[in-house]
1. Please report the spacing between the Cα centers of the range 1-78 and the range 267-301 in Å, no decimals.
2. Which value, in Å³ per residue, describes the convex hull spanned by the Cα atoms of the chain?
3. Which cross-chain or sequence-distant (5 or more) residues have an amide H under 5 Å from the amide H of LYS104, H modelled 1.01 Å from N in plane?
4. What's the magnitude of the charge dipole for the range 57-140 around its Cα centre, counting Lys and Arg as +1 and Asp and Glu as -1 at the beta-carbon? Answer in Debye, nearest 20.
5. Can you give me the angle between helix 51-62 and the longest principal axis of the chain, using Cα atoms only, in degrees from 0 to 90, rounded to the nearest 10?
6. Could you go through the range 280-285 in sequence order and give the Karplus-derived ³J(HN,Hα) for each residue, using 6.51 cos²θ - 1.76 cosθ + 1.60 with θ = phi - 60°, rounded to whole Hz, and x for Gly and Pro?
7. Suppose each label sits 7 Å from its Cα in the direction of the beta carbon; what would the HIS34-TYR94 distance come out to in nanometres?
8. Could you give each residue of the range 163-172 its phi-based ³J(HN,Hα) in whole Hz, using Karplus coefficients 6.51, -1.76, 1.60 with θ = phi - 60°, and x for Gly or Pro?
Amino acid sequence: MRHLMNPLDFTVEELDRLFDLAEDIAASPSKYAHACEGRKLATCFYEPSTRTRLSFESAMLNLGGQVLGFSDAGSSSAAKGESVADTIRVISCYADICAMRHPKEGAPMVAASRSRIPVINAGDGGHQHPTQTLTDLLTIRALKGRLDHFTIGLCGDLKFGRTVHSLIEALIRYPGIRFFFISPPELRVPDYITDSLKEKGIAYEEVIRLEDCMPELELLYMTRVQRERFFNEEDYVRLKDFYILNNEKMALAKDDMLVLHPLPRVNEIAVEVDDDPRAVYFKQVQYGVYVRMALILTLLEIKVE
Ligand code: CP
């Protein structure tokens with residue numbers, strides 16, 4: 001039985017197969033419409049979510065399966081003090097696979113160690129968000145035709161943004177990746193990540209102004225400032241509008257640069273940018289459903305001929 005805690009749990013070859021499957025699902029959805037009949041997905045979300053929870057549920061329903069779960073720790077027995085380890089033992093009696101989001105780093109890993117069903121980390125604190133990374137990689141591969149040899153800018157809250165941490169770890173397995181980390185000094189990418197890039201000889205630069213690297217980028221990954229991870233509101237208010245991508249800044253970018261964002265967006269991308277064909281963050285949402293369908297089939301070892 002396999003779980004997904006980190007994007008690195010899959011080899012590059014396994015990811016290629018997963019993305020091939022996701023692209024086949026996108027091309028021929030009806031072929032997969034009954035693949036999970038009789039199977040159930042539990043979504044156990046101890047933290048708010050729109051995309052991740054609903055895209056998992058949509059994915060399982062598209063596969064002919066059923067869904068159950070909770071979207072708020074307060075409506076589960078966690079509110080009475082039940083541990084994640086006990087909860088997953090119970091969920092294992094109700095469902096065939098579980099997607100779990102939790103504010104504590106490592107909580108889905110604890111669940112996986114006690115589970116009788118595959119557990120998917122749907123985001124754990126400021127640590128990892130592997131299915132967002134699968135979504136990001138599939139979007140890039142589908143729209144650019146490759147995952148190697150890119151100059152990518154990651155902009156915003158690089159300290160607390162778990163999607164950024166997962167994406168960097170995943171991308172460095174492909175050749176020719178060069179990073180620009182664009183953040184205020186307070187929200188720099190953690191040292192453990194830059195230390196690892198130095199060790200591996202991977203090119204990166206840290207800049208404060210988006211304008212300083214915009215013309216060089218082939219991909220721009222915007223992120224919101226993660227209010228829920230700040231220790232005080234004053235710091236959040238000071239930093240929340242540090243970056244606002246607008247049409248004026250987009251004019252500095254290459255004609256074929258793609259703008260991605262895991263969403264939700266707050267103010268960091270002006271709504272006027274949505275009409276720019278280079279803005280692909282809503283297409284990214286659709287790819288998130290296909291890749292989660294492929295992931296459910298893969299972890300449940302269901303093959304569709
Ligand atoms: N991208 C993402 O994780 O969105 P949600 O928090 O809405 O699930």
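1. So the two Cα centres are separated by 14 Å.
2. Values: hull volume 39.8 nm³, N = 305.
Considering the Cα atoms of the chain, their hull volume per residue is 131 Å³.
3. GLY125
4. Its charge dipole is roughly 220 debye.
5. Value to nearest ten degrees: 50.
6. Each residue of the range 280-285 in turn: 10, 5, 7, 5, 4, 4 Hz.
7. Modelled inter-label distance: 2.9 nm.
8. Couplings: 5, 5, 4, 5, 5, 4, 4, 6, 6, 6 Hz.
Here, each number is a calculation from the coordinates, and none is a lab measurement. Values in this document were obtained by computation on a predicted structure and should not be read as measured data. So basically every Cβ, Gly included, is an ideal-geometry build from the backbone, and we count neighbours across all protein chains shown.
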